[in-house]
Amino acid sequence: MASQSHLSYSQRAQKHPHPLVRRLFEIAERKKTNVVLSADLTTTRDLLAIADSLGPHIAVLKTHIDIVSDFGPATVEGLAQLAQRHDFLLFEDRKFVDIGNTVQKQYRGGALRIHEWAHIVNATILPGEGIIQALDQSIRDGGISERGILILAEMTSKGSLAVGEYTRISVEIARKYPQSVLGFVSTTELSSHSPSATRDEDFVVFTTGVNMSSKGDALGQQYQTPTTAMAGGSDFLIAGRGIYAAADPVSAVQEYQKAGWEAYERRVGSASG
């Protein structure tokens, strides 16, 4: 079995070759949370406020930084400070999709300064392997440690074309860039189903569309629960509106934290029992 999802976060941290993945697993174990907060707020004030109040209960804060209307140095500095204070990583959900040369400029330059502050970014392989090659080169040559890529291998939106051969090739490309590719954004664990999987392979799985009270929205989003996501091999649960749009976001994130952690413990416990 190639999948390492039957092992605990601490066991995986001890043997994982990538320093950022080790740090992520250690954060999860330390805080007893596998929640990734999708913080789709549109002002710096609101983004930093939600990051501050919910930060103690999450492992990763996921941003769409280009929707922040007043983005600037205060946004970047505030996020970095809160990530350090509350012990979480920053994931910019940029979904890079362009030729390699352009993607390098988007990642390392421009107004958003993504490479400087985001521990994790994601990309689709639609442009071909060159996009991952370009990001890998930027990370290795960038002089900043603990940076990594998630390949967008599947999506939860209705009618998504990120299926089948696209998903299979996503896994194959990921294997070529172990110094930068951490794993996948996907609905399930992928690598153990691949014929070329190795025994010790350990890709991290981030699953989007996790919601405890809704099955979808009017724009095609399809949700699953923390329990079903963890049972499918997810390692980290991405939840957004179910938390930050709740009447009491702190209580909501605590519910997701509890549900996600219990689902994780059941998976690890059943594998070892």
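The values are calculated or read from the model by the stated rules, or taken from the named source; none is laboratory data. Just so we're clear, the structure is a prediction, and the values are computed from it rather than from any experiment. Because the Cβ atoms are built from the backbone with ideal geometry, glycine has one as well, and the counts that use them run over all protein chains shown. Just so you know, the surface numbers come from the protein's heavy atoms only, side chains and all, with ligands and any DNA or RNA stripped out. Shrake-Rupley method; radii C 1.70, N 1.55, O 1.52, S 1.80 Å.
Given H placed 1.01 Å from N in the peptide plane, which residues other than close sequence neighbours of GLN224 have an amide H under 5 Å from its amide H?
Long-range HN contacts for GLN224: VAL210, ASN211.
Of GLN11, LEU48, VAL68, which is farthest along the charge dipole of the stretch 9-271 in the positive direction, counting Lys and Arg as +1 and Asp and Glu as -1 at C-beta?
GLN11
For ALA49 and LYS258, calculate 0.36 nm times their separation in residues minus their Cα-Cα distance, and state this gained length in nm to one decimal. Write out the running numbers ahead of the final one.
Numbers: separation 209, 0.36 × 209 = 75.24 nm, distance 2.22 nm.
So the extension gain works out to 73.0 nm.
Before rounding to the nearest 500, sum -39500 (n - 2.57) across all DSSP H runs of length at least 4 in the chain and divide by the residue total; then give [θ] at 222 nm in deg cm²/dmol.
On the way: 11 runs with 115 residues, N = 273.
Calculated mean residue ellipticity at 222 nm is -12500 deg cm²/dmol.
For the stretch 27-142, give the magnitude of the charge dipole about the Cα centre (Cβ charges: +1 Lys/Arg, -1 Asp/Glu; no others), in debye to the nearest 20.
Working: 12 positive and 15 negative charges, 44 e Å.
I would put it at about 220 debye.
Given H placed on each backbone N at 1.01 Å, which residues far from ASN34 in sequence or on other chains put an amide H within less than 5 Å of it?
Amide H to amide H, under 5 Å and 5 or more residues apart or across chains, ASN34 pairs with TRP261.
Taking amide H atoms as placed 1.01 Å from N in the peptide plane, list the residues 5 or more away in sequence, or in a different chain, whose amide H sits under 5 Å from that of ARG94.
Correct list: ASN122.
Under unit Cβ charges (Lys, Arg +1; Asp, Glu -1), what dipole magnitude, rounded to 20 debye, does the stretch 9-271 have relative to its Cα centre?
Working: 27 positive and 30 negative charges, 68 e Å.
Computed charge dipole of the stretch 9-271: roughly 320 debye.
So how much slack lies between ASP141 and GLU172, counting 0.36 nm per residue of separation and subtracting their Cα-Cα distance, in nm? Walk me through the numbers before you get to the answer.
Details: separation 31, 0.36 × 31 = 11.16 nm, distance 2.32 nm.
8.8 nm is the gain from fully extending ASP141 to GLU172.
How big is the antiparallel share of DSSP beta bridges in the stretch 9-271, given as a percent to the nearest 5? Could you put the intermediate results ahead of the total?
Numbers: 2 of 30 bridges.
Looking only at bridges with both residues in the stretch 9-271, the antiparallel portion is about 5 percent.
Any idea of the accessible area per residue across the chain, 1.4 Å probe, to the nearest Å²?
Values: 11890 Å² over 273 residues.
Per-residue value: 44 Å².
Give, as a single signed number, the net charge of other residues whose beta carbon lies under 14 Å from the beta carbon of GLY164, with Lys and Arg counted +1 and Asp and Glu -1. Could you put the intermediate results ahead of the total?
On the way: positive: ARG168; negative: GLU154, GLU165, GLU172.
That sum, taken over residues with Cβ under 14 Å, equals -2.
Take the alpha carbon gyration tensor of the chain, find the square roots of its eigenvalues, order them as a ≥ b ≥ c, and report rounded if a/c is under 1.5; if not, report prolate when a/b exceeds b/c, else oblate.
Working: a/c = 1.33, a/b = 1.02, b/c = 1.30.
Because its axes are fairly even, with a/c under 1.5, the chain counts as rounded.
Could you work out which residue, out of SER186, SER234, SER138, moves most in a Gaussian network model of the chain, that is, has the largest mean-square fluctuation with Cα springs under 10 Å?
SER138
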